[in-house]
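Chemist: Sharing a structure, written as structure tokens. Questions coming.
The values are calculated or read from the model by the stated rules, or taken from the named source; none is laboratory data. Because the structure is predicted, anything quoted here is derived from the model rather than measured. Cβ coordinates were reconstructed from backbone atoms using ideal geometry, including for glycine residues, and neighbour counts include every protein chain displayed. These accessible areas exclude ligands, DNA and RNA; they are computed on the full protein's heavy atoms, side chains included. Shrake-Rupley method; radii C 1.70, N 1.55, O 1.52, S 1.80 Å.
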Amino acid sequence: MREEHPEQFAEFAARRVTDVREMGRFLPTLTRPLLPGTMAVAERFRPDVVVQGVLGGSGLIVAGKLGVPWVGHGFGFVRSEGVVEAFREHMAAEFEQHGAELPERRAYVDVAPPSMLAGEPEGWSMRYVPYNGGGVEPSWLAETGDRPRVAVTLGTVAPKMNGLGPVERIIAAAPDVDAEFVLALGDQVDLDGLGTLPPNVRAAGWVPLNSLLATSSLLIHHGGAGTAMTPLALGVPQLVAPSGADRYINAAAVHSRGVGLQVEEEELDARVINQLLDEEKYRVTAAEVAAEIAAMPSPAEVAARLVDFVRG
């Protein structure tokens, strides 16, 4: 989208989405490149069911063409209501090209903890299990000093879309916070423009987020779905400065439940960081949500339910 439709990308990146249906007209641009390959594999493999993230439309067309059930997998706190219909509306040409209609049998897997939803879970609730890739953990990761550790990440997409403004503000605030800051920004982010880092700030490159949060007291991030869900599962409070796409939806859920705060980028300062580190209520609430997630049905249980659903 950024390369071929720059004006559309600029609008998409800056949009404060509060309902995923607002993204309807962007969906074809994100989905069309995936459809040929997905369809080719499906026609060769002949699946009995298609499971896909709720924002992925290629699986809908595949399931509709093959006449098999479709199961939408939850994406953070994005709600699926109206998404299927949006794909059908905005990708009508692709449905017609493949002679497909919406799959008659559909189900949903919802990884959002119920206490953080305004309504009921969508379909089958499932425990969120953090998976942040493999690798060798750095030796310093297990070292815990007298000060709390604050993890900072902008995910894999936001730095390229929105820049490093939030990180610059956090670095500026760090000298006034009695904590160790770990910048987990990946290996593709150029930090040279950030200048000399304060003594209590460590640039760590890529670190598995679940490993980093195991010894962290706070996560500061951009509001991505996986980035928001991982600290919830581990009971770590959050400070979220959302930056477009679905991130405002996730940030609002974090703020409303009291497991953290949602702020604008210009509000990232020492005062709000110290507030989250000092006030016990955020840790208590985060622990409650972590316990709730741990009690949700496991992926293995939901997989068995999926088999029963397909068999009818």
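Chemist: Rounded to the nearest whole Å², what accessible area per residue is found for the chain with the 1.4 Å probe?
Modeler: Details: 14670 Å² over 312 residues.
Here the residues of the chain average 47 Å² of exposed surface.
Chemist: I've got another one for you. Tell me the label-point distance for the pair residue 292, residue 3, using the 7 Å Cα-to-Cβ offset, in nm and rounded to one decimal.
Modeler: Those two pseudo-labels are separated by 4.2 nm.
Chemist: Could I ask something else about it? Rounded to the nearest 500, what is the chain's calculated 222 nm mean residue ellipticity when only DSSP H runs of at least 4 contribute -39500 (n - 2.57) each, over all residues?
Modeler: On the way: 14 runs with 125 residues, N = 312.
It comes out at -11500 deg cm²/dmol, rounded to the nearest 500.
Chemist: Hey, could you pull the Cα Rg and Dmax for the stretch 95-250, both in Å?
Modeler: Rg and Dmax of the stretch 95-250, Cα atoms, are 18.4, 63 Å.
Chemist: Then there is this: Multiply the residue gap between residue 203 and residue 142 by 0.36 nm, knock off their C-alpha separation, and tell me the result in nm, one decimal place. Write out the running numbers ahead of the final one.
Modeler: Numbers: separation 61, 0.36 × 61 = 21.96 nm, distance 1.61 nm.
Here the segment from residue 203 to residue 142 would lengthen by 20.4 nm.
Chemist: Could you tell me how many cubic angstrom of Cα convex hull volume the chain has per residue?
Modeler: Details: hull volume 44.5 nm³, N = 312.
Value for the chain: 143 Å³ per residue.
Chemist: Please report, in debye to the nearest 20, how large the charge dipole of the chain is about its Cα centre when each Lys and Arg carries +1 at its beta carbon and each Asp and Glu carries -1 there.
Modeler: Working: 26 positive and 41 negative charges, 159 e Å.
Value, rounded to 20: 760 debye.
Chemist: Tell me the Kirkwood hydrodynamic radius of the stretch 1-152 in angstroms, computed as one over the mean inverse distance between distinct C-alpha pairs.
Modeler: Values: mean 1/r = 0.0559 Å⁻¹.
For the stretch 1-152, inverting the mean 1/r across all distinct Cα pairs yields 17.9 Å.
Chemist: Right, next: Gap in Å between the Cα centre of the stretch 261-293 and the Cα centre of the stretch 81-124?
Modeler: A separation of 32 Å, based on Cα centres.
Chemist: From the residues 274, 258, 99, which one has its Cα farthest along the dipole of the chain in the positive direction, the dipole being from +1 and -1 charges on Cβ of Lys/Arg and Asp/Glu about the Cα centre?
Modeler: 99
Chemist: Once neighbouring chains are kept in place and the probe is 1.4 Å, which whole percent of the accessible area of the chain is contributed by carbon and sulfur? Mind dumping the intermediate values first?
Modeler: Values: 7340 of 14670 Å².
Exposed carbon and sulfur together represent 50 percent of the surface.
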